[in-house]
1. What do you get when you divide the Cα radius of gyration of the range 4-77 by 2.2 N^0.38 Å, with N the number of residues?
2. Per the helix-only calculation at 222 nm, which mean residue ellipticity applies to the chain, given -39500 (n - 2.57) for every DSSP H run of n ≥ 4 and division by its residues, nearest 500 deg cm²/dmol?
3. List the chymotrypsin sites (Phe, Trp or Tyr not before Pro) in the range 1-74 that DSSP assigns to loop (not H, G, I, E or B) and whose Cβ has at most 14 other Cβ atoms within 10 Å. Which are they?
4. Pick from Arg56, Arg22, Arg12: which residue has the top mean-square fluctuation in a GNM of the chain where Cα pairs under 10 Å get a spring?
5. Any idea what the relative contact order of the chain is, in percent, if you count C-alpha pairs under 8 Å spaced at least 6 apart?
6. Starting from the range 11-46, pick out the GluC sites (Glu not before Pro) whose DSSP state is loop and whose Cβ has at most 10 other Cβ atoms within 10 Å.
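FYI, it's all coordinate maths here, none of it is from the lab. In this text the structure is predicted, and so the values were computed from the model without any measurement. Cβ placement follows ideal geometry from the backbone for every residue including glycine, while neighbour counts extend to all protein chains displayed.
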Amino acid sequence: MAPTVVRDGQFRLFFFSREETRIHVHVSHPDGEAKFWLTPQIGLANHTGLSVKQCREAQMIVETHIEEIRNAWHHHFGG
């Protein structure tokens, strides 16, 4: 199960259930995907198919929605 947390333009932010315990979010775009760590700070973990510009846009979206993402993480996974 991969619940969607945020949709912003062509970007969809979501979690993979029980993939790993460190808080992170996946970002899907028609051109590719990325994964961002949220702790200890927001940072790009990896990406496939996205340009540098698209990765920056994705990170800005993650930063804009950080509280919503964290709340959704804790609601979905508990704790």
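1. Cα Rg divided by the expected 2.2 N^0.38 Å: 0.99.
2. Value at 222 nm, helices only, nearest 500: -10000 deg cm²/dmol.
3. Phe16
4. The residue that fluctuates most here is Arg22.
5. 22 percent.
6. Sites meeting the loop and neighbour criteria: Glu20.
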